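Enquirer: Structure provided below as structure tokens; questions to follow.
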Amino acid sequence: MYADLALINGNIITMDSKKLRAQAIAIKNQRIIKVGTNNQISQLINDSTKIIQLEGRTVIPGLIDTHIHVAAFGRHLDWLDLTDCKSIKDMQTILKNKISQTIPNKWILGRGWNEKNFQKNQFPNRYDLDTIAPNNPVVLYNQSGNLCLVNTEALCLMNINSQKVKLLKENTIKRDLITGDPTGILEGKALDLIWDSIPEPDQKDLLELTHCACLKILKAGITSIHWMVLSYLEFSIIKKLKEKGIPLRIYAIIPFEIWKKEIKQTPSHGLKNNTFKIGGIEIAIDGYLANKTAALFKPYNDGSYSTGNLFQSSQSLYASVSDIIQSGFQPVLHAMGDKAVELALEAIEKLMKKTEHQNTRIRLEQAALINKNLIDRTKNKKIIISVQPCVINSEFKTWNAIDNLGSNRARWLFPLRTLINKKILLIGGSDCPMEPLNPFQGIQKIVDRKFFPEESITLTEAIAMYTINAAYSTNEEKYKGSIEEGKIADLTILSIDPTVIPSNNIKNVEVETTIVGGEIIYNKRV
Ligand SMILES: [Zn+2]
């Protein structure tokens, strides 16, 4: 038996604990048939074998992003990137360019400006946009995403006028100190008004945008994703993407409400091949730290006495989780605050008392605040903790977790080292488009951790979160997640070996080639 494809002269990081490194790989019929030395693989090469000369480059298993919002990512691809703007004029130039390619009335969105980069730290206003874009509504978020600048056209479509603004109690729509007119800067609750006004893209537009998103994902060396579905429309989109031949392996995770209403009764929603499956059903137990809706035992440190929001009672949670398991799906429990994590554990402990549930791999999504006591309750169960490494950095840096939670509590925010020491399985995802797609950016954030660095983990542990652990989380560890004989040939070829560079440089590792099921899907060199 000869190989269809052989990769030789490489530095193969297998993520297989029995054989950590190898030189070469042979592939046939989409599967890896041999991992070994150049000599061993050369015996499997004949005239019809395609050969990739790695010239010392590094190969890792195809990366798995365990938390990505693909439809939202697609929509964001169309956004203007304003991160490099050094002046309001720079913003105007980028906008002008976009206007020249956009039909009137179409919404234009963007993000990334920072007034601290502008002269005298001056905020831009709506008139700065009106001169360039009189006929298109424009919405431009700042770098941290907590406020945005809109033009007059957008204000009109949002039904915001001077009269209305003067009646508002909160100061979420900024007003000119002299005239009292809105300046175009919105924040807080006023940001919701924007999303109430922007029309949803139609199916055709969304298909095109998500198709572009999938190509970008493959280009980032990612061969499998856990697609966090936000709307029912996304199903028909995933099916159409598959018809178009997108090779990305998709494990869809659906909100409980959509599953119950639209999908539970029609199990034929998955496709027959192994590249698309509806797997996880997500229950939101609480909200998010960023808007202080994550449920805590003790109030946030802002003097408000607020402990966030719990969306489930013990009874409702237990009933829903049982329903999910009995229907053959995986429970994915979003629990960010410590109180929500406890409620999740309570339900899981009750379930695990039944022998038939003991092997269910339940996933805690974004479990952020998890103290020693909760960690002890988590270990020894088949609980998987899903982490989005770039979110960790944002919670500390942008949200100021130490101020908002107090230092003693913030110490237990994403304690990855402690979790791994207790043998709790972690998986990694991007949370793109809220955070960057690049998996190496995420990996760097947890290997070279800046806040509570004692909770940093090793590079191999971090890669495992995006490969073998991620495969385990969907019961596919025998099929993918490491470079082993018999497994599917999903591989990512890198420009440099991430294990030999300084940890503050990991984010610059480039993906050169992505291989899915033995097919070269992306190749930077051609
Ligand atoms: Zn998310």
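Enquirer: Does the range 71-80 include one or more residues that are more than 16 Å from the ligand (Cβ to nearest atom) and out of contact with any strand residue (DSSP E or B) (no Cβ under 8 Å at 6 or more places or on another chain)?
Expert: Yes.
Enquirer: Also, quick follow-up: Find the residue count for the range 439-451, including only residues that are outside any helix (DSSP H, G or I) and closer than 16 Å to residue 398 by Cβ. Show your work before the answer.
Expert: First, the residues of the range 439-451 that are outside any helix (DSSP H, G or I): 448-451.
Filter once more, keeping what is closer than 16 Å to residue 398 by Cβ: 449-451.
Selection size over the range 439-451: 3.
Enquirer: A further question follows. Which is away from the ligand (no atom under 16 Å from the Cβ), buried (at least 21 other Cβ atoms within 10 Å of the Cβ) and outside any helix (DSSP H, G or I), of 155, 177, 149? If you could, list the steps in order and put the result at the bottom.
Expert: Details: 155 fails: outside any helix (DSSP H, G or I); 177 fails: buried (at least 21 other Cβ atoms within 10 Å of the Cβ).
That would be 149, the only listed residue that is away from the ligand (no atom under 16 Å from the Cβ), buried (at least 21 other Cβ atoms within 10 Å of the Cβ) and outside any helix (DSSP H, G or I).
Enquirer: In the range 487-510, which residues are free of Cβ contacts under 8 Å to residues at least 12 places away in the same chain and among the charged types (D, E, K, R)?
Expert: Answer for the range 487-510, where residues must be free of Cβ contacts under 8 Å to residues at least 12 places away in the same chain and among the charged types (D, E, K, R): there is none.
Enquirer: In the range 335-359, how many are of a type outside the set (Gly, Ala, Ser), surrounded by 17 or more Cβ atoms within 10 Å (Cβ to Cβ) and at pLDDT 90 or above?
Expert: Going through the range 335-359, the residues of a type outside the set (Gly, Ala, Ser) turn out to be 336, 338-339, 341-343, 345-346, 348-359.
Narrowing the set further to residues that are surrounded by 17 or more Cβ atoms within 10 Å (Cβ to Cβ) leaves 336, 338-339, 341-343, 345, 348, 351-352, 357.
With at pLDDT 90 or above added as a condition, the list becomes 336, 338-339, 341-343, 345, 348, 351.
Final tally of qualifying residues: 9.
Enquirer: Also, I was wondering about something else. For the range 482-526, enumerate the residues that are outside any strand (DSSP E or B) and of a type in the set (D, E, K, R). Write out each step before concluding.
Expert: Here is the first cut: in the range 482-526, the residues outside any strand (DSSP E or B) are 482-487, 489-490, 495-510, 517-518, 524-526.
Once the filter is applied, which keeps residues that are outside any strand (DSSP E or B) and of a type in the set (D, E, K, R), the range 482-526 yields 484, 485, 487, 490, 497, 507, 510, 524, 525.
Enquirer: Of 318, 300, which residue is more than 16 Å from the ligand (Cβ to nearest atom), buried (at least 19 other Cβ atoms within 10 Å of the Cβ) and in contact (Cβ under 8 Å) with a residue 12 or more places away in the chain? Walk me through it before giving the result.
Expert: On the way: 318 fails: buried (at least 19 other Cβ atoms within 10 Å of the Cβ).
Only one candidate passes the filter, namely 300.
Enquirer: Please work out if residue 103 is without any contact (Cβ under 8 Å) to a residue 24 or more places away in the chain, farther than 17 Å from residue 194 by Cα and part of a loop (DSSP other than H, G, I, E, B). Full working, then the answer.
Expert: Details: without any contact (Cβ under 8 Å) to a residue 24 or more places away in the chain: yes; farther than 17 Å from residue 194 by Cα: yes; part of a loop (DSSP other than H, G, I, E, B): yes.
Taking the combined requirement at face value, the residue satisfies it.
Enquirer: Pick from 231, 144, 236: which is touching a residue at least 40 places away in the same chain (Cβ under 8 Å), within 23 Å of the chain's Cα centre (by Cα) and farther than 23 Å from residue 66 by Cβ?
Expert: It is 144.
Enquirer: Looking at the range 499-526, which of its residues are closer than 24 Å to residue 27 by Cα, surrounded by 15 or more Cβ atoms within 10 Å (Cβ to Cβ) and not aromatic (Phe, Trp, Tyr)?
Expert: 511, 512, 513, 514, 515, 516, 517, 518, 520, 521
Enquirer: Quick one: how many residues across the range 301-318 are under 25 Å from residue 407 (Cβ atoms) and among the small types (Gly, Ala, Ser)?
Expert: 4
Enquirer: I would also like to ask the following. Which of the numbered conditions does residue 164 fail, given that it passes all the others? Conditions: (1) over 30 Å from residue 284 (Cα atoms); (2) out of contact with any strand residue (DSSP E or B) (no Cβ under 7 Å at 6 or more places or on another chain); (3) outside any helix (DSSP H, G or I).
Expert: Checking residue 164 against (1) over 30 Å from residue 284 (Cα atoms); (2) out of contact with any strand residue (DSSP E or B) (no Cβ under 7 Å at 6 or more places or on another chain); (3) outside any helix (DSSP H, G or I), the one that fails is (3).
Enquirer: While we're on this one: Based on this model, can you work out whether residue 83 counts as of a type in the set (S, T, N, Q), in contact (Cβ under 8 Å) with a residue 24 or more places away in the chain, loosely packed, with under 15 Cβ neighbours inside 10 Å and away from the ligand (no atom under 16 Å from the Cβ)?
Expert: Here the answer is yes, as residue 83 does meet what is asked.
Enquirer: Hey, can you tell me all the residues within the range 22-70 that are among the aliphatic types (A, V, I, L, M) and within 16 Å of the ligand (Cβ to nearest atom)?
Expert: Those that are among the aliphatic types (A, V, I, L, M) and within 16 Å of the ligand (Cβ to nearest atom): 64, 68, 70.
The values are calculated or read from the model by the stated rules, or taken from the named source; none is laboratory data. Everything numeric in this text was worked out from a predicted model, so none of it was measured. Backbone-built Cβ (ideal geometry, glycine too); neighbour counts: all protein chains shown.
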